[in-house]
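K.L.:
There's a structure below that I have some questions on.
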Amino acid sequence: MNKIYMFEKNDYIKQKVIIVAAILKFKNQEQVKNEINELNYLAQTLGAKVIKIFVQNIKNKNPRTFIGKGKIEEIKKFIILKKIKIAIFNENLSPSQLKNIEQLFKSKVVDRTKVILDIFYKRAKTSYAKTQIKLAQYKYYLSKLPKLWTHLEKQRGGIGFRGPGESEIETDRRNIRTSINKLTNKIKLIDKQMETQRKHRKHILRISLLGYTNVGKSTLMNVLSNANVYVENKFFSTVDTTVRKIKIRNKIFLVSDTVGFITNLPHQLRTSFKSTLYEMKESDLLIHLIDINKNSFIKDITCVENILLELCIKIGTNKKLIKVFNKIDKCNNLNTKKYFIYKKYGNKIIFVSAIKTHNIELLNQKICYLTAYSELILR
Ligand SMILES: Nc1nc2c(ncn2[C@@H]2O[C@H](COP(=O)(O)OP(=O)(O)OP(=O)(O)O)[C@@H](O)[C@H]2O)c(=O)[nH]1
Ligand SMILES: [Mg+2]
């Protein structure tokens, strides 16, 4: 297995890319629009320059090229004309679709899953996150294995190269499986060590900041702790959990800044994503942060709530949750939105601006109030 195809760190930087999306009949326009915006951000997060976005309405996926023949031709001409290096597909492509489209476009083709995996890989800081993401990458490559050989063909290429035999693909498959097993064992070991660390921290009140990516979790963490957590206007600035000790009104808390949530998270990443969220299980208070200015904020809330359900995290007497609507400094129709939000989500909510520190005192007050019961138990 050739390593360079496993982890490509700088492939996107300053590269001209296009985005290709299909509106399948069961999807609505709005949903695809949100996905495209998200993919656009994701590509920029990786340092790419998005030159154009192609969208096609399709009834059925084309088994060879996902989108239709005519559209493929149109995009191909554009790629040649503008010297596009990478085409990013919003949908996840099968290995043969990836291979076929790459051959037609004569440019690199990646799908949404690959882009997300690349971002996670680029941003992972701790050994734990790196191992988790490597594991997800290997699983991804295993699912795309036959396609990998198009790269290898190009590299070994030239006259006389007849392509891989079944046995060579099988060897690669075996090597990847061995790596997957090694990484899984390594993760089990780190999990045990982390569990011990968590046990040692049990006597302190715990808060987890959670929410969709880019909503301002790390910014709020900074405000709450004056710590210097990595803050950036890019998706997935944080792919690990950072824990800080803070003091509010003489009470000590451990606050965790967790990885950002995203809809359609690649299944290869789900396990690693969830394990970085383990901190939440032992939290006394969950602060669910929401970007009030995002059109899709209701969907983002549902996405977070679904993951909480998957993690079997139940909100109750011992574990409280507060919804914090952030970025009110940028909100034009705040009163209308507030009215709608109160009606929909009841009153366990608060409106803040982490950047302008609006209502942070009120949030501090709520944090103390909501954790009062847990504090009694700890004593
Ligand atoms: N206008 C405005 N921008 C904010 C506010 N809070 C955060 N931001 C900006 O939103 C962007 C994302 O902030 P982060 O704190 O990195 O968001 P995050 O939720 O930690 O993101 P990930 O770790 O990538 O999931 C940054 O550009 C922040 O400056 C706010 O209250 N108002
Ligand atoms: Mg962050």
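K.L.:
Kindly state, to the nearest 0.05, the FRET efficiency for Lys77 paired with Asp11, given R0 = 22 Å and r defined as their beta-carbon distance.
P.N.:
Numbers: r = 24 Å, r/R0 = 1.08.
Efficiency, from the Cβ-Cβ distance: 0.40.
K.L.:
Put a dot 7 Å past each Cα toward the Cβ at Lys247 and Lys192; how far apart are the dots in nm?
P.N.:
3.8
K.L.:
Now for a separate question. Can you pick out the pairs among Lys14/Lys108; Lys71/Lys139; Lys281/Lys323 whose Cα atoms lie more than 19 Å from each other? Show your work: numbers first, answer last.
P.N.:
Numbers: Lys14/Lys108 15 Å; Lys71/Lys139 31 Å; Lys281/Lys323 17 Å.
Correct reply: Lys71/Lys139.
K.L.:
Here's something else I'd like to know. List the pairs from Lys299/Lys356; Lys130/Lys192; Lys49/Lys122; Lys83/Lys122; Lys134/Lys182 whose alpha-carbon separation is above 20 Å, in the order I gave them. It would help to have the intermediate numbers written out before the result.
P.N.:
Numbers: Lys299/Lys356 26 Å; Lys130/Lys192 17 Å; Lys49/Lys122 17 Å; Lys83/Lys122 25 Å; Lys134/Lys182 11 Å.
Pairs exceeding the cut-off: Lys299/Lys356; Lys83/Lys122.
K.L.:
Now for a different question. Antiparallel as a % of all DSSP beta bridges within region 267-379, to the nearest 5? Don't skip to the end; give the middle numbers.
P.N.:
Working: 1 of 11 bridges.
Around 10 percent of the beta bridges assigned by DSSP in region 267-379 are antiparallel ones.
K.L.:
Give the peptides 56-67, 121-132 in descending order of average Cβ contacts within 10 Å, highest first.
P.N.:
On the way: 56-67: 15.2, 121-132: 18.2.
The packing order, highest mean first, is 121-132, 56-67.
K.L.:
Under a point spin-label approximation (7 Å from Cα along Cα-to-Cβ), what is the Asn37-Ile377 distance to one decimal in nm?
P.N.:
3.9
K.L.:
Provide the percentage of antiparallel DSSP beta bridges, counting only those with both residues in the chain; round to the nearest 5.
P.N.:
On the way: 9 of 47 bridges.
Bridges in the chain are about 20 percent antiparallel.
K.L.:
Please list the non-local residues whose amide H lies under 5 Å from the amide H of Arg206, H modeled 1.01 Å from N, same-chain partners needing a gap of 5 or more.
P.N.:
Distant-sequence amide H within range of Arg206: Leu254, Asp284, Leu285.
K.L.:
Want the number for Thr178 to Cys312: 0.36 nm per residue separation, take away the alpha-carbon distance, what's left? Please list the in-between numbers first.
P.N.:
Values: separation 134, 0.36 × 134 = 48.24 nm, distance 3.13 nm.
So the extension gain works out to 45.1 nm.
K.L.:
To continue, here is another question. Restricting to DSSP H runs of at least four residues, report the calculated mean residue ellipticity at 222 nm for the chain, -39500 (n - 2.57) per run over all residues, nearest 500 deg cm²/dmol.
P.N.:
Values: 14 runs with 185 residues, N = 379.
Dividing the helical sum by the residues of the chain leaves -15500 deg cm²/dmol.
A short reminder: the numbers here are calculations on the coordinates, not readings from a lab. Please read all numbers here as calculations on a predicted model, not as lab measurements. For neighbour counting, all protein chains shown are included, and Cβ atoms are generated from backbone atoms with ideal geometry for every residue, glycine included.
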